[in-house]
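Shown below is the structure under consideration.
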Amino acid sequence: MQRPGSSGAAPSAVLQQLSTLYRAGRRSEALAACRRIIAAEPRRADVLALAGLIAAELGDVAEAVAHYSAAVAAKPGFAEAQYNLGNALTRLGRHDEAVTAFRRAAKLRPDLVAAHANLGNALYTLRRWEEAVASYRRAVALAPNAAEVHRNLALALHETGDLDGAIDCLRRAVALKGDWVKALQTLADFLMERGLWRDAVELCDRWLRLVPANVEVLGLKAVALAELGERSAARYLVDFERFVEMIEFSEPPEGFASMAAFNAALARHALEHPTLQLPPKTDPRYHCATLRITEEFLAEPKGPAAAFERMVEAAASDYIRTLARRDPTHPFLVNPPRRWQLTSWAAVLDGEGTLNPHVHYAGYISGVYYPKIPQPIGAPDQGQAGWFEFGGNPERFPCQAVPETRAIQPREGLMLLFPSYFYHRTLPFTSSEPRVSIAFDAVPVA
């Protein structure tokens, strides 16, 4: 936001008094005073702009939009008010209107970098990639050392299909701000998409020095090492024998007569969950037309999920403690989280389907529990149909190496625990009944 008195004109005595209240942190008083002045002088553009700024900072963005709109109506050449109007409209999700405001601000003040940059952001949100690229380029031309704008330009170029241009922009952003993890993350991802495996490994090592044990880095690095033919190094990071734990629950949680009764209740809770639905194809959770997913499975009312939560918390705590003692020098174990919280979701494959290789980068460790596995999964004549498979390559990377994999037959009452950077999937299957699994992540808490 542009601050009071930034229009270039000498502030009036009234505005000086209002600004004094504002700078003293007495924002509610300052806004009330602005309203009184506006009631008497409804076309005071300077006071309207200040009222918009204060209202936005107090959280009333709708009032801010009203004040900024009145300010630019009273003074069409007020570039800063146009710019702040664009920001407020963005906060309300009114991106088309924000584009109009930012364009006007940029036309009035062609040197206002933020107007061009935020115009690019609004256009990007609207998926108007080419226009976003043009706006970001203007911002970069005005501020060639703004790493953030270079990264945003890279993202827009990537959407247009210009991967090489995107990589060039990200290299510039990293050169300008070498410890900016978000830029390193995006560059590593794009290098992987281009198949520049050696560059990706070197960048991942740089990223790991800044953020030890980051699961996304470890996942990307393992794929790149395998593509470079460095199998032993990749296997050290993605060691199925060391890191995959299987727990067979035979004793039911308190309140349930048997494991069969618990699993039936948990599966029913998943199948009747009010948020269970097929994600849209634009959702990263979408895998196939028969996969439905819930939102937070541990939300109230929990029902049998409360017992499931206790099971997972105990198993995950023991898993993390045990791993940390085994090899504290391993890149995954050098910085285990002191605190973490669970997030969980149910996945229902309706009679057939598959999950593509994917990872859960939000977590530190991930897992899955099976309350309902239909026939014929596990039958001798079905091979590994419907099994859980570790390994595999993400479709978005041009991988050529045959991945090392490990498949595990899902069984009712089985829980799997593993590092969140392990790629995994469900192998294709066909059945007359749904296959229900409950996935979860242990997410580090700062």
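The values are calculated or read from the model by the stated rules, or taken from the named source; none is laboratory data. Treat the numbers as computed from the prediction; the structure is a model and nothing was measured. Glycine gets a Cβ as well: all are built from the backbone with ideal geometry, and neighbour counts include every protein chain shown.
Taking segment 307-345 as the search range and keeping residues that are small (Gly, Ala, Ser) and surrounded by 14 or more Cβ atoms within 10 Å (Cβ to Cβ), which one is farthest from Leu220 (Cα to Cα)?
Ala307
Can you find a residue that is closer than 18 Å to Ala346 by Cβ and assigned to a helix (DSSP H, G or I) anywhere in segment 270-293?
yes
Is it the case, given these coordinates, that Tyr370 is in the same structural domain as Ala306 (by TED's automatic domain parsing), in contact with a Leu (Cβ under 6 Å, 6 or more places away or on another chain) and not acidic (Asp, Glu)?
In short, yes.
Ala316 - would you say it is assigned by TED's automatic domain parsing to the domain that holds Thr430 and within 24 Å of the chain's Cα centre (by Cα)?
yes
Results for (1) touching a residue at least 60 places away in the same chain (Cβ under 8 Å); (2) assigned to a helix (DSSP H, G or I); (3) of a type outside the set (D, E, K, R), shown as yes or no for each residue.
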position	(1), (2), (3)
Leu157	no, yes, yes
Gly165	no, yes, yes
Arg172	no, yes, no
Ala175	no, yes, yes
Gln185	no, yes, yes
Met192	yes, yes, yes
Arg198	no, yes, no
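Filter segment 329-368 down to the residues that are in contact with a strand residue (DSSP E or B) (Cβ under 6 Å, 6 or more places away or on another chain) and in a loop (DSSP other than H, G, I, E, B), then identify the one that is farthest from Pro410 (Cα to Cα).
Among those that are in contact with a strand residue (DSSP E or B) (Cβ under 6 Å, 6 or more places away or on another chain) and in a loop (DSSP other than H, G, I, E, B), it is Pro337.
Still on this structure, I have one more. Among the residues of segment 381-392, is any aromatic (Phe, Trp, Tyr), surrounded by 16 or more Cβ atoms within 10 Å (Cβ to Cβ), without any contact (Cβ under 8 Å) to a residue 60 or more places away in the chain and part of a loop (DSSP other than H, G, I, E, B)?
Yes: one or more hits.
Going by the structure shown, is Met259 within 29 Å of Ala234 (Cβ to Cβ), over 27 Å from the mean Cα position of the chain (by Cα) and at pLDDT 95 or above?
no
Could I ask something else about it? Output the number of the condition that Leu225 fails; it satisfies all remaining conditions of (1) touching a residue at least 40 places away in the same chain (Cβ under 8 Å); (2) surrounded by 22 or more Cβ atoms within 10 Å (Cβ to Cβ); (3) within 20 Å of Phe418 (Cβ to Cβ).
(1)
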